[in-house]
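Quick note: the coordinates plus some simple rules give every number you see, no bench work behind them. Quantities reported herein were computed from a predicted structural model and do not represent experimental measurements. Note: ideal-geometry Cβ built from the backbone for every residue, glycine included; neighbour counts use all protein chains shown.
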Amino acid sequence: MMEVLTCLKTAFHTEVRMQLSFNKVVGKRSRIASNLSELKAGEQGILDRLDLPEEVAKRLMELGFVPGHVIEPALSAPGGEPRVYRVDGSEIAIRRETARHLILRKRVPSQASDRS
Amino acid sequence: MSDCQSCGGCSVAIPPSPVALADTHVIAIIGPPNSGKSTLFNRLTGLRQKVGNFPGVTVEQRVGRTRLSNNREITLVDLPGVYSLDARSEDERVTRDVLNGQMPGVPKPDAVLLILDCTNLGRHLLLAAPILSLQLPTLVILNMADDLQSRGGSVDTAALSCELGAPVALISAAKGDGVEKVIQFVEGTSEGSAKVAKPRIELPILQDIPKCRKWAQQVGQNGGYHAPAPPLWTRRLDSIFLHPVLGPLIFLAVVVGVFQTIFSGAKPIMDSLTMGIQSSGAWLGAMLPDSIFKSLLIEGVWSGVGSVIVFLPQILLLFLFIGILEDSGYLARAALIADRTMAKFGLQGKAFIPLLSAYACAVPAIMATRTIENKRDRMATIMIAPLMTCSARLPVYTLLIAAFIHERPLIGHFLGTQAAVLLGLYVLGFVAAIVTAWMLKSSVLKSGRTSFMLEMPPYRWPTVRSLGLRLFDRSKIFLRRAGTVILTVSVVLWILAHLPLHDGKPPQIADSFAGMIGHAVEPAIKPLGFNWKIGIGLLSSLAAREVIVGTLGTIYGMEGTAQSEGLQKALQSDLTPGGAVALLIFFAFAMQCMSTIAVVRRESGGWKWPAIQFAYMTLLAYLAAFVTNHLLQASTILATLTK
């Protein structure tokens, strides 16, 4: 019972947090990447959730795109797409349209207080 | 039945049936893609393996045997590479059913070999959870031990074994290090001493991937696993092969290089083979007394089968190159580079891999489309796969090009006219394929853009062993076809060409049954520049493309011209250059392959798609050959290109 409650709570938190970060990006064109496709070379992001149909999300999770994992963009095909991402010890190529739906956690610690 | 290889080329045999499993000790090998599963399977079974299909589905079934030191025989079943047993794809469903003993005709395995890539253990351990929950005796094999060590990673096999509650073996399947531990385990299970696995940490709910991943993390940590440093050489090579400018250039150079080598590299071997077959035929002819039997043997069998066997070296070279590209890991990069272009035609980069293997043969290519999740994308890929230039076209192309295209250097020694024409035919097939895909995807098979996800495996040296096994398999299939389909067609043709008897003597070939059939179809193919002999060849090649070479070998062999001057010379004097090029174009487009039709019917679940495909490709071939013949007749290109 307790577990379910905690689970719901986290889910709720995530939801709220996502909305906040979304507003922020829209508001002042933040440089902080909110999804995978916005990550630049050398940057890293922590995956928060996969905003995709369950089928596709599960495939991606099996390939390493599990919430909480650090993701780093690597090389891409000529033309910038699809791009290879380093995640969980593997290199996986996905298209930009998929990367756009992999939402990143806001990871700068100093801004953590914003969330509460 | 079980001999029928899944990649049986265009053999007339019906697509693969299940491999019959004798009542022996059965051990299943399972692992994620790129874990080195096949390498281990090959190492354990060597040449004693058979390829078939699991009953009722299109998933490839590889079964091998190995004899243990206690003289017991065991059967190894190689299951498809999967990341989970979730049963979302057909591969996963088959794997789950086999492991649960629910696959008809396949006994429930007595033990499982779970093979994981230990350079990426955290993620690969994900598959351990569903496998261990099956309660079968399991050996967890950590492969790529050499990579792990050279990149500074480590694992405590004893601790990990304790965590998983199952024995763990650290091996290198490619080098053979530690394989004896696998054999020991197998021997143990055959004597009934293996225990069911009991993991120390309770297994998570299997559907919850984040929870499973946490479990795997915990198991890895307790098992003293330290992940290795990133593969340095792979990153260095990727910065070249995926370079925005160099990448595509290298890709092109690889393709051109392969074609030039296939054409020029195989030539000396092929020439000596031709010589051998001709002289042995002549020697046999001199040895045997004149009789009907001699005529059948020399004109029917020797000319027919011999003219096809000559092409074995070339086909093996093609398969060697595809094997190297695939095993080295370059193919995944090629699919990545191709994705944007493929997307323009409504396909995705993953379709590139089946399409590339369609250069070898459309049958395994069509089966490989199963990795494409979207049904409409998959259907479109199936429809265009037979337009890619398969290896059965190579004998036809080689024969006609060698006879009609004058060899001149184009770019120094790197590319000559003959190789360029061959490359052009390959490009032509490819262009026809993507245009067809585009037409299908923008009409009947329309669908939204689908997702593309592809793992980039680290680059690895292809092992001589696995390349050797591929070539051995391919030679077996090719020679079996030469001994069955092509032999049968040659003999039937010889009989048709020797009847009806006039005063107890065989007629001139033009007056024989074969000749009558040829003359009957001649009006239809005359506009393409083909004569009645080509007509007979076209009809017999409905079984498989390369049969036309054997048929022409038999027909011209009977006229006596082939014997003295070879098939090339006979064709040169009998066919106009326009007709020859039209014949090349006809073969580029036409769907002359019974096993492809059979496999498309099975994959699409009915006759509709194969019927559409056959009609479309035949029409395309006819029209293109018609236009080619008339254009060439009118133009002066002939003067420069041909002898």
Counted charge near B:Ala392, where neighbours are those whose Cβ lies closer than 13 Å (Asp, Glu -1; Lys, Arg +1): +3
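Restricting things to Cα coordinates, could you compute the convex hull volume per residue of chain B in Å³?
Numbers: hull volume 110.5 nm³, N = 643.
About 172 Å³ per residue, rounded to a whole number.
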For the range B:25-229, what is the percent of antiparallel DSSP beta bridges, rounded to the nearest 5? 45
Can you say what percent of the DSSP beta bridges in the protein assembly as shown, counting only those with both residues inside, are antiparallel? Round to 5. 65
Just the Cα atoms of the range B:25-229, one point each, no solvent: what log10 I(q)/I(0) does Debye give at q = 0.12, 0.18 Å⁻¹? -0.56, -1.32
Row for the range A:30-107, column shape: gyration tensor on C-alpha, a ≥ b ≥ c, rounded if a/c < 1.5 i.e. under 1.5, prolate if a/b over b/c, else oblate; value rounded
Quick one: what Rg and Dmax do you get for the range B:471-641 from the alpha carbons, in Å? 17.5, 53
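Taking beta carbons within 10 Å but only from partner chains, what does the mean come to for residues B:203-210? List each step's numbers first, then the result.
Details: counts 0, 0, 0, 0, 1, 1, 9, 5.
The per-residue average across the peptide is 2.
For A:92-98, what's the mean count of beta carbons from other chains sitting within 10 Å of each residue's beta carbon? List each step's numbers first, then the result.
Details: counts 4, 12, 5, 10, 0, 4, 5.
Rounded to a whole number, the mean comes out at 6.
Can you compute the FRET efficiency between A:Ile46 and B:Gln102 using 1/(1 + (r/R0)^6), with r the Cβ-Cβ distance and R0 = 51 Å? Round to the nearest 0.05. Numbers along the way, then the final one.
Values: r = 41 Å, r/R0 = 0.80.
Efficiency computed from Cβ-Cβ geometry: 0.80.
How high is the relative contact order of the range B:471-641, in percent, with contacts defined as C-alpha pairs under 8 Å that are six or more residues apart? It would help to have the intermediate numbers written out before the result.
Values: 178 pairs, mean separation 33.5, N = 171.
Value for the range B:471-641: 20 percent.
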For the range B:162-275, what's the radius of gyration and Dmax over Cα atoms, in angstrom? 24.5, 69
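At 0.36 nm per residue, and after removing the present C-alpha to C-alpha distance, how many nm does the segment from B:Ser635 to B:Arg408 gain when stretched out fully?
Values: separation 227, 0.36 × 227 = 81.72 nm, distance 2.02 nm.
Extra length from B:Ser635 to B:Arg408 when fully extended: 79.7 nm.
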Hey, got the dipole for the protein assembly as shown? About the Cα centre, +1 on K and R Cβ, -1 on D and E Cβ, debye to the nearest 20? 1840
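Once the piece of chain linking B:Ala611 and B:Asp503 is laid out straight, how much longer is it, given 0.36 nm per residue of separation minus the C-alpha distance between them? Let's see the in-between values first.
Details: separation 108, 0.36 × 108 = 38.88 nm, distance 4.49 nm.
My answer for the length gained is 34.4 nm.
Compute, for the range B:25-229, the length of the dipole vector about the Cα centre, with Cβ point charges of +1 (Lys, Arg) and -1 (Asp, Glu) only. Units Debye, rounded to 20.
Values: 22 positive and 20 negative charges, 21 e Å.
It works out to roughly 100 debye.
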Fraction of alpha-carbon pairs in the protein assembly as shown farther than 39 Å apart, rounded to whole percent, equals 43
For chain B, longest principal axis from Cα atoms; helix B:417-441 axis from its Cα atoms; angle between them, nearest 10 degrees, is 60
Under the Karplus curve 6.51 cos²θ - 1.76 cosθ + 1.60, θ = phi - 60°, whole-Hz ³J(HN,Hα) for the range B:30-46, x wherever Gly or Pro sits: 9, x, x, x, 6, 9, x, 4, 5, 4, 5, 4, 4, 5, 6, 9, x
Only Lys, Arg (+1) and Asp, Glu (-1) charged, at Cβ; the range A:30-107 dipole about Cα centre in debye: 280
Peptides ranked, highest mean first, by Cβ atoms within 10 Å: ranges B:583-595, B:610-622: B:583-595, B:610-622
Shielding of B:325-334 by partners, i.e. mean partner chain Cβ atoms within 10 Å per residue? 1
